[in-house]
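The values are calculated or read from the model by the stated rules, or taken from the named source; none is laboratory data. This one's a predicted model, so the numbers in the text were calculated from it and none came from an experiment. Here the Cβ is made from the backbone with ideal geometry for all residues, glycine too, and neighbour counts use every protein chain on show. Ligands, DNA and RNA are excluded from the accessible area calculation, which covers all protein heavy atoms including side chains. Shrake-Rupley method; radii C 1.70, N 1.55, O 1.52, S 1.80 Å.
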Amino acid sequence: MCRKIGFIVLVAVLGSTFAQEQPYYLQQCPRDEAQINECLRDSGNKLVSYLQKGVPELDIYEIEPVMIDEIGIVLGSGPDGYRALFRNIQAYGVSNITVTNIRSDLDSLQFQLTCEIPRIRVKAQYRSTGVLILVKASGAGDYWGEYEGVKAKIYFKAVANEGPDGRTYLTTDSVKMDFNVKEIQMGVDNIANGNSVIQAALNLFINSNSQELLKEMKPALRTKLTLVIRNFMDRIFAKIPLDEWINLN
C-alpha cells in the first residue's frame, strides 16, 4: 500500500515538474486547418501587444526604435547626378503593427503574413551631392519622414530543430517582404552649411516627389527591412518552442 502511494506521489511530482505552462504572452493554436490561420493571427497580435511593453522572459525590453544603418539613393547619372546617403535611421511606430491575415502550411512550415501599421515616424542623418532641380544640392543635415497607412506582406519558410531541452524550435530558412505607403510627408532640417536655398529646394522636391523617392529607396529599404525582420523572428523563435505556438498533440 505504501509503495503504491509512493508511486502515485512520484508520478504527480514528475508530472508537475515536466508539465509545460502556456506563457501569458502567447495563445496556443490547435492544429486544425479550419482554425489555424485565424488563431495564429490572434496569437501574433497578442504577442505584439506584450512586446510593445517588453517581455523579460524573451529578453526583449524595448523594440523601438527600429534601427537601420544606412540607405542610399541615386537620381540621374553623370557627375551632376543627385546622390543621397541616409545613415543612423530610426523608425518609431512600427510596434503598432496589426496582423490582419495569415496563410500557413504547417507541413512545409511556410507562412504569409499581411500586416498594417497606421503611422511610422523616421529620423536620420543625410548627406547629399549633385544637382537637384537646377540647384547644387550638396550638403548634410537631418532627415525626417512620416509614413501613414503602411501595408506589408511578409513571407517566410521555417525549419524545425531540436533544442537543448529536447523541444522543437523554429528558425527562418528564407524571408521575403514587400510594402506600400498611402501617404508620405518628409523633409530635411539643419543643413550643415546653413544654406536656406538648398534646404527649400530639397524640401520642395522631396514633398513633390515623395512616392517616386520611396520607389527609388525601396529595393535597398526592402533588403534592410528583410534582414531586420529575419533577425527579430529568429530571436523570438529561439525563445518560444513550437508546441507553445501550436498544439502538436
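Can you spot a residue in region 171-183 that is out of contact with any Pro (no Cβ under 8 Å at 6 or more places or on another chain) and outside any strand (DSSP E or B)? Within region 171-183, not a single residue is out of contact with any Pro (no Cβ under 8 Å at 6 or more places or on another chain) and outside any strand (DSSP E or B). For region 96-117, the set of residues classified as aliphatic (A, V, I, L, M), closer than 17 Å to L51 by Cα and not in a loop (DSSP other than H, G, I, E, B) consists of V99, I117, listed by residue number. Among the residues here, I198 does not qualify as without any contact (Cβ under 8 Å) to a residue 60 or more places away in the chain, more than 20 Å from the chain's Cα centre (by Cα), outside any loop (DSSP other than H, G, I, E, B) and buried (at least 18 other Cβ atoms within 10 Å of the Cβ).
Just one of the numbered conditions (1) open to solvent by less than 40 Å² (accessible area, probe 1.4 Å); (2) touching a residue at least 40 places away in the same chain (Cβ under 8 Å); (3) over 17 Å from W144 (Cα atoms); (4) not small (G, A, S) is not true of Q112: (1).
In the set (1) open to solvent by 70 Å² or more (accessible area, probe 1.4 Å); (2) under 22 Å from A91 (Cβ atoms); (3) of a type outside the set (A, V, I, L, M, F, W, C); (4) outside any strand (DSSP E or B), N203 fails one condition alone, (1).
Would you check if there is a residue in region 138-160 being among the polar types (S, T, N, Q), out of contact with any Pro (no Cβ under 8 Å at 6 or more places or on another chain) and under 23 Å from Q211 (Cα atoms)? Looking for residues that are among the polar types (S, T, N, Q), out of contact with any Pro (no Cβ under 8 Å at 6 or more places or on another chain) and under 23 Å from Q211 (Cα atoms), one finds at least one in region 138-160, hence yes. Taken residue by residue, region 175-184 has no member that is open to solvent by less than 20 Å² (accessible area, probe 1.4 Å) and modelled with pLDDT under 85. Residues in region 79-106 that are at pLDDT below 95 and open to solvent by 70 Å² or more (accessible area, probe 1.4 Å) were compared, and the one that is nearest to V188 (Cα to Cα) is R83.
Restricting attention to region 140-162, does a residue exist that is surrounded by 14 or more Cβ atoms within 10 Å (Cβ to Cβ), touching a residue at least 12 places away in the same chain (Cβ under 8 Å) and assigned to a loop (DSSP other than H, G, I, E, B)? Looking for residues that are surrounded by 14 or more Cβ atoms within 10 Å (Cβ to Cβ), touching a residue at least 12 places away in the same chain (Cβ under 8 Å) and assigned to a loop (DSSP other than H, G, I, E, B), one finds none in region 140-162, hence no. On the basis of being assigned to a loop (DSSP other than H, G, I, E, B) and either aromatic (F, W, Y) or modelled with pLDDT of 95 or more (or both), does L26 make the cut? Yes: the conditions hold for L26. Any chance region 56-69 includes a residue that's touching a residue at least 12 places away in the same chain (Cβ under 8 Å), part of a strand (DSSP E or B), surrounded by 15 or more Cβ atoms within 10 Å (Cβ to Cβ) and of a type in the set (D, E, K, R)? No - not one qualifying residue is present in region 56-69.
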